[in-house]
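The values are calculated or read from the model by the stated rules, or taken from the named source; none is laboratory data. Bear in mind the structure is a predicted one, so any value in this text is a computation, not a measurement. All Cβ positions, glycine included, derive from the backbone under ideal geometry; neighbour counts span all protein chains shown. Areas reflect the complete protein model, heavy atoms only, side chains present, ligands, DNA and RNA absent. Shrake-Rupley method; radii C 1.70, N 1.55, O 1.52, S 1.80 Å.
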Amino acid sequence: MKLNTKLLTSTALVSAMLIFPVANAKTFKMALGDAEGSAQYELGSKFSEVFAEKTGGEHKIAMFPNGQLGSEQDTVNEAAIGTLDFSLLAINNITPFSPKTGLLTLPYMIQSLDDAVKLTRGEVGKELTESTIQDAGIRIVGWSYTGFRVLTNSKKPVTKLEDLQGLVIRVPKNEIMLATYKAWGINATPMAWSETFTALQQGVVDGQDNPYLTISSMKFNEVQKYVTNIRYLFSLEPLVVSESVFQDLDEDVQKAILEAGEAATLHSEQFLKDTEDRIKKELVEKGMEISDPEGGEAEWIEKATSEVWPAYYESVGGKERVDAVLKLLGR
Ligand code: MLT
């Protein structure tokens with residue numbers, strides 16, 4: 001018997017389910033590092049809606065935003081051992097567990113949304129999904145396209161590499177990102193995402209980088225003033241499911257997960273196109289000052305690619321692999 005859950009209050013729903021129990025009905029837990037209104041939340045909501053539809057309302061997703069279930073990197077461990085079902089997190093927070101995903105965090109590898117789409121929805125995306133299952137026990141089932149990570153700080157406009165001197169910049173616990181700031185001349189501070197807002201608020205760190213959509217949904221404009229439009233990393237935020245949870249599910253539920261992930265991925269691409277410019281304008285209205293790197297980004301690119309890439313060829317699968325990916329991107 002199918003229940004019209006929309007017509008039932010939660011108490012009535014619980015009573016109804018006791019009378020008409022749905023075999024194997026399950027509410028899956030999904031952790032999100034970001035708040036409501038974020039690109040992560042948008043992807044998670046679309047996924048939940050399509051997944052519920054495809055399972056005839058039998059299975060549901062309960063979303064836990066804002067790092068309620070732990071730091072993004074902690075959720076990888078939880079999902080790996082099957083104590084968490086789903087997590088939505090930045091790719092850079094998966095790289096420590098699955099080094100090949102570092103391909104997507106090599107500075108300036110992804111130079112446009114089109115590049116991001118090509119890498120995530122083609123052969124490269126399939127290979128990375130496989131290696132992430134092997135290395136980290138999690139399966140990527142969808143992608144949020146969240147935009148380029150821009151640099152923010154509370155102290156001064158940054159338009160040249162020299163301006164970074166004296167600033168304490170938080171980066172995720174990701175070696176490639178730390179190495180990039182080192183190539184730019186400073187030692188950045190590795191810190192979990194869940195601690196970042198408070199560290200910025202209390203002045204423990206002066207700045208950080210993340211996309212406009214994230215800065216806005218996390219209200220970073222309340223503790224950061226200056227933005228520099230760098231484009232070294234396009235933020236990809238995969239939706240992952242615990243591989244052990246996935247393998248225990250019936251085939252039709254697995255199929256529903258994969259199809260809902262595809263629908264949510266397409267939705268995420270459109271959400272970025274529809275909202276990024278508006279959000280950027282709103283941040284300026286709220287007092288943020290946006291600058292571009294003086295004379296362009298050439299020096300930032302040169303330093304990052306010449307110093308960082310060679311050090312990570314091996315961990316991301318070899319120079320030939322990187323060259324093949326560049327060729328795929330037409331470079
Ligand atoms: C990070 O900076 O650790 C992540 O990109 C944050 C996020 O998930 O938005």
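Brief remarks follow.
- Whole-Hz couplings from phi, Karplus 6.51/-1.76/1.60, listed for segment 132-144; x for Gly and Pro: 5, 5, 4, 7, 10, x, 10, 10, 6, 10, x, 9, 9
- Here the accessible area of the chain is 51 percent carbon and sulfur, with a 1.4 angstrom probe and all protein chains present.
- If you sort the three axes of the alpha carbon gyration tensor as a ≥ b ≥ c, you get a/c of 1.5 or more for segment 216-331 and a/b no higher than b/c, which makes it oblate.
- Unit charges on C-beta of K, R, D, E only; dipole of segment 207-331, Debye: 420
- Helix 72-81 axis, angle to the chain major axis (alpha carbon atoms, nearest 10°): 40
- Rounded to 0.05, the FRET efficiency of the Glu314 and Glu285 pair, given R0 = 56 Å and the Cβ-Cβ distance, is 0.75.
- Leading residue at positive end of dipole, segment 233-317 (Cβ point charges), from Ala311, Gly296, Ser235: Gly296
- Per residue, in Å², the accessible surface of segment 19-159 once ligands and nucleic acids are set aside, probe 1.4 Å: 36
- For segment 314-319, 3J(HN,Hα) computed residue by residue from phi via the Karplus equation (6.51, -1.76, 1.60; θ = phi - 60°) reads 4, 5, 8, x, x, 5 Hz, glycine and proline entered as x.
- Per residue, in Å², the accessible surface of segment 238-329 once ligands and nucleic acids are set aside, probe 1.4 Å: 55
- Whole-percent pair-distance distribution, where bins are 10 Å wide, for the alpha carbons of the chain: 6, 26, 33, 22, 9, 3, 1
- Dividing the helix sum by the residues of the chain, where each DSSP H run of 4 or more adds -39500 (n - 2.57), gives a mean residue ellipticity at 222 nm of -14000 deg cm²/dmol.
- Protection-proxy order for peptides 35-46, 269-280, 85-96, each taking the mean of Cβ atoms within 10 Å per residue, highest first: 85-96, 35-46, 269-280
- Local net charge near Ala304, Cβ-Cβ under 14 Å (Lys/Arg +1, Asp/Glu -1): -2
- Surface/4 estimate of mean projected area, convex hull on alpha-carbon atoms of segment 268-331, nm²: 7.0
- Bridges between two residues of the chain, per DSSP, are antiparallel at a rate of about 55%.
- Degrees between helix 251-285 axis and first principal axis of the chain (Cα, 0 to 90, nearest 10): 40
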